[in-house]
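What follows is one structure encoded as structure tokens, with my remarks underneath.
The values are calculated or read from the model by the stated rules, or taken from the named source; none is laboratory data. Since the model is a prediction, treat every value here as computed from it, not as a measurement. Every residue, glycine among them, receives a Cβ derived from its backbone with ideal geometry; neighbour counts consider all protein chains shown. The area values use the complete protein model at the heavy-atom level, side chains included, leaving out ligands, DNA and RNA. Shrake-Rupley method; radii C 1.70, N 1.55, O 1.52, S 1.80 Å.
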Amino acid sequence: MKFQKKALLTVVAAGMLGTLQAVAQDAQSGVKDLEAGRYNKAIQTFQGLATSAPSADNYFYLGYAQLKAGDPDAAKQAFEKGVAADPKNQLNNVGLGAVALAKKDGATAKTIINNALKETKNKNMDVLLRAGEAYTMFRKPEEGINDPAEAIRILTIADERDKKNENAEIEMALGDAYTLKNDGGNAVTKYENALAIRPNNAEAKYKIGNTFLRAKNYPQAQKFYEEAIAADPDFAPTYEDLAEAFFGSRAYKNASKNMDLYIQKSQTTNVDKLLRSAQFDFLAGDNERAIQKLDQLKGKVNTPVIQRIYGWAYSGAGKYNESIEALNNFIQTAPDRVIPDDYKYLGRAYAQLGTPEGDSLAIVNLEKAAPMDSTENVYREIGKLLYGGKKYDQAVGAWKKAILMDTSKATTNDYFQLGMSNYLQASRIGRDSTLMMNGDTAAIRQAKENYYTAADSAFLKVNQITPDWSPGYYFRASANYFSDTKGAMNTGEPVPLYEKYLEVADKEIAADAAKKEANKRYMMTAYKFLSSYYANKNDAEKSREYLSKAAELDPNDKDVQNALNPPAQQPAATKPASKPAAKKPAGKATK
């Protein structure tokens, strides 16, 4: 935010005449760093100024920078020194009110700030502005509390006193208050008012971008952030939120790049920002870089979150045992901070161990993540693991949940995997020792029928979504063949499906000859079934047509060749004359 020229002149005037120029340069440099989000550098500058020229204003800006850097205790000391330096200057009292807000003591904050307003009779524009800003300073619960309604009340008084409408800062602060109220329309209007007063204001463009970021309109947010950067490439906060906008649109490499620019330009040492940067590197696929950043923070941070990011990055880097150790450590240490991604990456790490225990723990953890994960459909991963472990019945449940979670975007593969899970589960009933139904043949037949029917429904959906994909037709035909308790040769239910499969497969092969070999096995099955079906219907011509196609596809298939060209019947060999059989005893019957 821009700072009042009057206040800056007060800072300059506080220096001795002989050092006026140096003090002015330092003050301007400190204000510029503060505006650009380089809080640590601004703190150093104002600490020097507070020592060489200990004025109420220097202490206020020092405390303000410390508060923005997330150090309310240090800010409190600076504001208290400011009050001692000039008890009549109410800016530091407003600062003390902001410290109370940082410590989530709203009652104390209101008392202090209202007293400062009372002492200045609501006439001091700087006090009004900073009081309004105090109530909008903290956007996140972990930073402190806010009160946008109180901010609007105070800033409206300031706005009414700005009769010539020349103060862009009031409009900016009002925009912040409306943003916190989730009133994006009024917020943008106020920021646009600030731009009308001070054209090409990078902060105003940045904050318009923020309103779109809060609304998850990432393309519009990115547009305004890029305009803000064009207006002022050194305004550091823009890069951080541009990184978040790219994160929201899953452009992780751009998120990583801009977070690095934010750290570079802001010179921040804030642990949360540095951890976020490592997280973006991980998401961008640069796991080793993320791990290097985390290694640099070892011993410097006291937060279990570092174990989370380590766990994610180790998982991505293929260091699965390290990932499992880090994530289990994090989950046990900070259970109240666990999010779905923690279980997701832990599950993925277990899945890569290649052991039955690992697979089991993978599913346990992925199932914890799946219902809560809003970025990925984790049920798909669960379905693949269960299918790969031949737990087809459980896989059916997972694929159903995957489709239910995102029905409008369910893919061909989702329905195909659901179909195959049902299809293969049906084939196991009556053969698998755990699926013998106590030897009840009727129960076995009905259970198989149910699974094949479910498979047919899933494959039908595959056909509808991707009508030019042959496997959907082949397995639907096969499901109909096996589920037909009356006999497929009699009913002919699979016939049109096998014929459709062959039609689509021929088109695929015409477009890509390499697909001939991939389809060969399935096509031979279809040809043989259709030939047998038509032979059973006494349609010799149609039967021979499909046999000929099968022979053309695989000339070495002996069954097909024998059916097309039955071997000539060999004459019976002449047997040597045998001795007459011995006569049976009289009275004995013969069979």
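In region 390-491, Cα pairs under 8 Å separated by at least six residues give a relative contact order of 25 percent. Rolling a 1.4 angstrom probe over the protein heavy atoms with all chains in place gives region 443-561 an accessible area of 53 Å² per residue. Of all lysines in the structure, the ones whose alpha carbon falls short of 23 Å from that of LYS257, not counting any fewer than 8 places away in one chain, are LYS41, LYS205, LYS207, LYS216, LYS223, LYS265, LYS273, LYS293, LYS298. Surface composition of the chain: carbon plus sulfur atoms hold 50% of the accessible area, using a 1.4 angstrom probe and ignoring ligands, DNA and RNA.
Charge dipole (Cα centre; +1 on Lys/Arg Cβ, -1 on Asp/Glu Cβ; no other charges) of region 190-338 amounts to roughly 200 debye. Taking the chain as the reference, fit the longest principal axis to its C-alpha atoms, fit the long axis of helix 237-248 to the helix C-alpha atoms, and give the angle between the two in degrees, 0 to 90, nearest 10. It works out to around 20 degrees. Can you classify region 199-282 as rounded, prolate or oblate using the Cα gyration tensor, where a ≥ b ≥ c are the square roots of its eigenvalues, rounded means a/c under 1.5, and otherwise it's prolate if a/b beats b/c and oblate if not? Cα axes put region 199-282 in the oblate bin.
Here the chain is treated with +1 on each Lys and Arg Cβ and -1 on each Asp and Glu Cβ, and its dipole about the Cα centre works out to around 2200 debye.
Residues of region 499-532 with an amide N closer than 15 Å to a point placed 7 Å from the Cα of MET489 along the Cα-to-Cβ direction: 528-532. With 0.36 nm allotted per residue and the present C-alpha distance subtracted, the ARG337-GLU143 stretch has 68.2 nm of extension available. Using 0.36 nm per residue and subtracting the Cα-Cα separation, the extra length available between LYS300 and ASN122 on full extension is 59.6 nm. For region 390-438, the relative contact order is 38 percent, taking Cα pairs closer than 8 Å that sit 6 or more residues apart in sequence and dividing their mean separation by the residue count. The string of couplings for region 354-361 from the Karplus curve (6.51, -1.76, 1.60, θ = phi - 60°) is x, 10, x, 5, x, 4, 5, 5 Hz, one whole number per residue in order, with x for Gly and Pro. Annotation for GLU503 and ASP406: the two label points, set 7 Å from Cα along the Cα-Cβ direction, are 3.2 nm apart. ALA84 to THR269: FRET efficiency via 1/(1 + (r/R0)^6), r the Cβ-Cβ distance, R0 25 Å, to the nearest 0.05? After rounding, the FRET efficiency stands at 0.30. Solvent-accessible area per residue in region 68-166 equals 50 Å², computed with a 1.4 angstrom probe and all protein chains kept. Using C-alpha pairs below 8 Å separated by at least 6 residues, the relative contact order for the chain is 5 percent.
Rounded to the nearest 500 deg cm²/dmol, what is the calculated helix-only ellipticity per residue at 222 nm for the chain, with -39500 (n - 2.57) per DSSP H run of length n ≥ 4?
-22500 deg cm²/dmol
Which residues in region 465-503 place their backbone N less than 16 Å from a point set 7 Å from the Cα of ALA510 along the Cα-to-Cβ direction? Zone members listed by number: 468-470, 500-503.
Measuring from a point 7 Å past the Cα of ALA215 along Cα-to-C-beta, which residues in region 156-185 have an amide N at less than 11 Å? Output list for this probe position: 183-185.
Treating each Cα of region 253-326 as an identical point scatterer and summing with the Debye formula, the log10 of I(q)/I(0) at q = 0.14, 0.23 Å⁻¹ comes to -0.39, -0.99.
A straight line joining the Cα centroids of region 171-189 and region 324-378 runs 40 Å. Taking θ as phi - 60° and the Karplus parameters 6.51, -1.76 and 1.60, the scalar couplings of region 124-130 work out to 7, 5, 5, 5, 4, 5, 5 Hz in sequence order, x denoting glycine and proline.
Could you tell me which of ASN167, TYR474, GLN47 has its Cα farthest along the dipole of the chain towards the positive end, charges placed at Cβ (Lys, Arg +1; Asp, Glu -1), taken about the Cα centre? The one lying farthest along the dipole's positive direction is TYR474. Peptides 255-267, 408-420 ranked from most to least packed give 255-267, 408-420, packing being the mean of other C-beta atoms within 10 angstrom over each peptide's residues.
Modelled spin labels at SER457 and ASP234, positioned 7 Å past Cα toward Cβ, are 6.7 nm from each other.
Taking square-rooted eigenvalues a ≥ b ≥ c of the alpha carbon gyration tensor, is the chain rounded, prolate or oblate, where a/c under 1.5 means rounded and, failing that, a/b exceeding b/c means prolate? Prolate shape, in that a/c is at least 1.5 and a/b is the bigger ratio. Going by the alpha-carbon gyration tensor, a ≥ b ≥ c the square roots of its eigenvalues, is region 379-501 rounded (a/c under 1.5) or, if a/c is not under 1.5, prolate (a/b greater than b/c) versus oblate? Oblate, because a/c is 1.5 or more while a/b does not exceed b/c. With a Förster radius of 25 Å applied to the beta-carbon distance between ARG431 and LEU564, the computed FRET efficiency rounds to 0.15.
In this simple spin-label approximation, ASN536 and ARG161 carry label points 7 Å from Cα along the Cα→Cβ vector, and these lie 9.5 nm apart. Beyond 16 Å, what share of the Cα-Cα pairs of region 316-439 remains, rounded to the nearest whole percent? Cα-Cα pairs of region 316-439 separated by over 16 Å account for 64 percent.
Given the Cα-Cα distance of ASN413 and ASN114 and 0.36 nm per residue of separation, how much length would full extension add, in nm?
101.3 nm
In loop segments of region 443-500 as defined by DSSP, the trypsin sites (Lys or Arg not before Pro) with at most 12 further C-beta atoms inside 10 Å of their C-beta are LYS486. Couplings 3J(HN,Hα) for region 211-224, derived from phi with the Karplus relation 6.51 cos²θ - 1.76 cosθ + 1.60 (θ = phi - 60°), are 5, 6, 5, 4, 7, 6, 8, 5, x, 5, 4, 4, 4, 6 Hz, where x marks Gly and Pro. Taken as Cα centroids, region 402-474 and region 80-125 sit 70 Å apart, rounded to the nearest whole angstrom.
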